[in-house]
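Trainee: Mind having a look at this structure? Questions to follow.
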Amino acid sequence: MSANLELIEMLREKARVSYEEAKEALEKCNGDIVDALIYLEKQDKIKPPPKESGAAGFWAGLKRLVKKCHATRLVISKNNENIVDLPLTVVIVITVIAPPITIAGLLVALFTGYKIRIKGPSGDNLKINQTLDQASSAASKVSEQVTDALAKI
């Protein structure tokens, strides 16, 4: 089977191989692009994407980080009702602008029984939530002890 130019070009872009390698792979795989990719992969001919370096690499990395932070959310809830649900980028900006207010707000939330969680881009719970749960439990115990001590006075 003879591979057409569109398929060859598509395979070249996906696998970053030469025209000759792309044509050969498509001919061996009867024009099936997925089988051709697998064939090239088994032959160790697929080249990794070029790495960006210097300032362009820095800005690309920063852009990926900001996107990931914006997709990650800080959620503060009480009795299974979300009170605050903000992207992590907003939380970081607020923390940089007004750190005392942010820290005080988080401490008040902890000691008044609010639950603080961080949700990843796919909505899954992250490992840090275990630490936040432990901090919340400890803060609740301290709060109860202070309340009991004040009630005895």
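Trainee: Exactly one condition in (1) over 26 Å from Lys67 (Cα atoms); (2) modelled with pLDDT of 85 or more; (3) not small (Gly, Ala, Ser) is false for Ile153; which is it?
Mentor: Result: Ile153 fails condition (2) only.
Trainee: Looking at the range 68-78, is at least one residue loosely packed, with under 15 Cβ neighbours inside 10 Å and out of contact with any helix residue (DSSP H, G or I) (no Cβ under 9 Å at 6 or more places or on another chain)?
Mentor: Checked against the condition, which is being loosely packed, with under 15 Cβ neighbours inside 10 Å and out of contact with any helix residue (DSSP H, G or I) (no Cβ under 9 Å at 6 or more places or on another chain), the range 68-78 yields no hits at all.
Trainee: Does Ile103 satisfy being without any contact (Cβ under 8 Å) to a residue 12 or more places away in the chain, surrounded by 13 or more Cβ atoms within 10 Å (Cβ to Cβ) and either in contact with a Gly (Cβ under 6 Å, 6 or more places away or on another chain) or not hydroxyl-bearing (Ser, Thr, Tyr) (or both)?
Mentor: Working: without any contact (Cβ under 8 Å) to a residue 12 or more places away in the chain: yes; surrounded by 13 or more Cβ atoms within 10 Å (Cβ to Cβ): no; either in contact with a Gly (Cβ under 6 Å, 6 or more places away or on another chain) or not hydroxyl-bearing (Ser, Thr, Tyr) (or both): yes.
Here the answer is no, as Ile103 does not meet what is asked.
Trainee: Sticking with this one: Filtering the range 1-20 down to residues that are in a loop (DSSP other than H, G, I, E, B) and surrounded by 14 or more Cβ atoms within 10 Å (Cβ to Cβ), which residue is modelled with the lowest pLDDT? Talk me through it step by step, then tell me what you get.
Mentor: If we filter the range 1-20 for residues that are in a loop (DSSP other than H, G, I, E, B), which is where we start, we get 1-4, 16-18.
If we keep only those that are surrounded by 14 or more Cβ atoms within 10 Å (Cβ to Cβ) as well, we get 3, 16-17.
Working: Ala3: 58, Arg16: 86, Val17: 89.
Only one residue fits best here, namely Ala3.
Trainee: So, one more: What number of residues in the range 90-113 are among the polar types (S, T, N, Q) and not in a helix (DSSP H, G or I)?
Mentor: Step one: of the range 90-113, the residues among the polar types (S, T, N, Q) are 95, 102, 112.
Next, only the ones that are not in a helix (DSSP H, G or I) stay: 112.
Looking only at that region, the number is 1.
Trainee: Here are Ala135, Ala104: which of them is touching a helix residue (DSSP H, G or I) at 6+ places or on another chain (Cβ under 7 Å) and small (Gly, Ala, Ser)?
Mentor: Just one listed residue meets the conditions, Ala135.
Trainee: Out of Tyr114, Tyr39, report the one residue that is surrounded by 12 or more Cβ atoms within 10 Å (Cβ to Cβ) and either over 30 Å from Arg16 (Cα atoms) or small (Gly, Ala, Ser) (or both).
Mentor: Tyr114
Trainee: Just for the range 21-36: of the residues that are more than 7 Å from Leu11 (Cβ to Cβ) and in contact (Cβ under 8 Å) with a residue 24 or more places away in the chain, which one is surrounded by the fewest Cβ atoms within 10 Å (Cβ to Cβ)?
Mentor: Checked the range 21-36; the qualifying residue surrounded by the fewest Cβ atoms within 10 Å (Cβ to Cβ) is Asn30.
Trainee: Taking the criterion of being touching a Gly at 6+ places or on another chain (Cβ under 7 Å) and under 19 Å from Gly120 (Cβ atoms), would at least one residue in the range 69-79 satisfy it?
Mentor: Yes, the range 69-79 contains at least one residue that is touching a Gly at 6+ places or on another chain (Cβ under 7 Å) and under 19 Å from Gly120 (Cβ atoms).
Trainee: Restricting to the range 57-83, name every residue that is under 15 Å from the mean Cα position of the chain (by Cα) and at positive phi.
Mentor: none
Trainee: Additional query: Kindly provide the set of residues from the range 51-89 that are under 20 Å from Tyr114 (Cα atoms) and not in a strand (DSSP E or B), ordered by number.
Mentor: First, pick out the residues of the range 51-89 that are under 20 Å from Tyr114 (Cα atoms): 72-88.
Thr72, Asn79, Asn80, Leu88 - these are the residues of the range 51-89 that are under 20 Å from Tyr114 (Cα atoms) and not in a strand (DSSP E or B).
Trainee: Still on this structure: Give the residue, chosen from Val91, Val108, that is surrounded by 12 or more Cβ atoms within 10 Å (Cβ to Cβ) and either of a type in the set (A, V, I, L, M) or over 30 Å from Lys28 (Cα atoms) (or both).
Mentor: On inspection, the qualifying residue turns out to be Val91.
Trainee: Among the residues of the range 111-126, is there at least one that is of a type in the set (Asp, Glu) and touching a Leu at 6+ places or on another chain (Cβ under 9 Å)? First the steps, then the outcome.
Mentor: Residues of the range 111-126 that are of a type in the set (Asp, Glu), as a first pass: 124.
With touching a Leu at 6+ places or on another chain (Cβ under 9 Å) added as a condition, the list becomes none.
No, there is no match, as no residue in the range 111-126 is of a type in the set (Asp, Glu) and touching a Leu at 6+ places or on another chain (Cβ under 9 Å).
The values are calculated or read from the model by the stated rules, or taken from the named source; none is laboratory data. In this text the structure is predicted, and so the values were computed from the model without any measurement. Cβ: placed from backbone, ideal geometry, glycine included. Neighbour counts: every protein chain shown.
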